[in-house]
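Asker: Pasting a structure here, questions to come.
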Amino acid sequence: MKKQFTVPCSRFPVLPNHKPQTVNGKQSQAFSLVELLVSMAILSTLMVLLFSFFEQATRAWQNSEKKVDAFREARAALYYLKKDLEALYADGTESTDGTVPFFYFDDPRNLAPISYSGATLSTPAAHGDALFFISAQSSDAQDSAKGRSDLCAVGYYLVYDRDSSAIGTTRRSYRLLRYFHSSDETWRLPIDPALTPSSGLLPFLQSVQAGSADNALLFPPAKGTVTGDEVIARNVINFQVTPLKSDFSNFSTTGPILRRPAFFDISLTALNLETAQKLNTQEDWHNTSSKLFLENAQVFTLRVAVPQ
């Protein structure tokens with residue numbers, strides 16, 4: 001019987017206690033179980049690191065998208081407010097008191113046009129400003145059936161209430177609403193003079209003529225969330241409006257202001273939906289020094305020049 005010899009391959013030196021394998025008289029180098037286990041462990045570690053990096057990148061992209069969606073509403077709200085304020089109507093100049101004012105209040109609960117449909121506001125009360133004013137609007141910006149003039153009642157205010165568009169949820173949050181009445185309603189509401197009570201420019205001017213200006217008559221009641229004033233920004237808080245003189249000094253901070261300001265400084269704080277869902281109470285919304293707010297809230301500011 002012919003004896004078979006094996007010759008170690010110079011390229012793959014034989015390790016101690018390692019028996020070379022032969023196939024058809026030729027040597028082949030095989031992997032041991034330990035080598036396979038080590039390589040699989042290394043591959044698994046690399047895969048875990050790769051998927052972890054991919055997950056973090058995906059989460060960062062999703063968070064960025066959520067912020068963009070949330071903050072888009074805040075930017076849109078400032079755009080609408082800027083457009084409305086640039087058409088502000090008041091019959092007084094910066095140095096002369098007029099008759100028709102615009103309103104600026106620290107606490108909207110004291111503002112007559114607002115009728116809240118949500119829960120009673122708890123402390124702290126100073127949750128944001130409310131601004132109501134008369135603005136000259138083009139015919140295509142109002143209801144054509146109720147717009148025979150250009151003077152419209154416009155307002156911006158916050159509500160803390162349940163989002164009626166989110167079915168099956170009782171979660172409450174802050175939303176910025178835009179109040180709007182076409183010119184016919186602004187002049188008198190109800191439009192039919194036989195109906196009472198009435199509010200608007202006409203009843204207000206009649207009270208001025210009678211010698212006792214009743215500012216509560218100037219604006220028809222705000223709809224709040226009963227029939228739906230337009231929600232233009234969700235999950236916002238600290239809506240602040242500051243009227244300024246031409247030298248950038250402040251006007252009075254409360255009540256009806258009869259003079260036309262030169263500028264408005266406007267700011268609001270916006271949160272994305274994921275962050276807002278972690279705020280369970282109204283007090284949570286006011287805890288702006290919390291880590292959640294500091295890491296996720298964004299403040300938007302705008303200065304509007306009012307044409308004189």
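The values are calculated or read from the model by the stated rules, or taken from the named source; none is laboratory data. The structure displayed is predicted, hence computed values, not measured ones. Cβ sites come from the backbone with ideal geometry, for glycine too, and all protein chains shown count toward neighbours.
Asker: Return yes when ASP84 is at pLDDT 65 or above and touching a Ser or Thr at 6+ places or on another chain (Cβ under 6 Å) and no when it is not.
Answerer: On the way: at pLDDT 65 or above: yes; touching a Ser or Thr at 6+ places or on another chain (Cβ under 6 Å): yes.
For ASP84, the condition - at pLDDT 65 or above and touching a Ser or Thr at 6+ places or on another chain (Cβ under 6 Å) - is met.
Asker: Within the range 277-296, is even one residue among the hydrophobic types (A, V, I, L, M, F, W, C), exposed (fewer than 14 other Cβ atoms within 10 Å of the Cβ) and over 13 Å from the mean Cα position of the chain (by Cα)?
Answerer: yes
Asker: Working carefully through the options SER32, SER44, find the one that is more than 60 Å from the chain's Cα centre (by Cα), modelled with pLDDT of 65 or more and surrounded by 10 or more Cβ atoms within 10 Å (Cβ to Cβ).
Answerer: Details: SER44 fails: more than 60 Å from the chain's Cα centre (by Cα).
Being more than 60 Å from the chain's Cα centre (by Cα), modelled with pLDDT of 65 or more and surrounded by 10 or more Cβ atoms within 10 Å (Cβ to Cβ) holds for just one of SER32, SER44, which is SER32.
Asker: Given (1) assigned to a helix (DSSP H, G or I); (2) of a type in the set (A, V, I, L, M); (3) touching a strand residue (DSSP E or B) at 6+ places or on another chain (Cβ under 7 Å), where does ALA222 come up short, assuming only one miss?
Answerer: In the conditions (1) assigned to a helix (DSSP H, G or I); (2) of a type in the set (A, V, I, L, M); (3) touching a strand residue (DSSP E or B) at 6+ places or on another chain (Cβ under 7 Å), ALA222 misses (1) alone.
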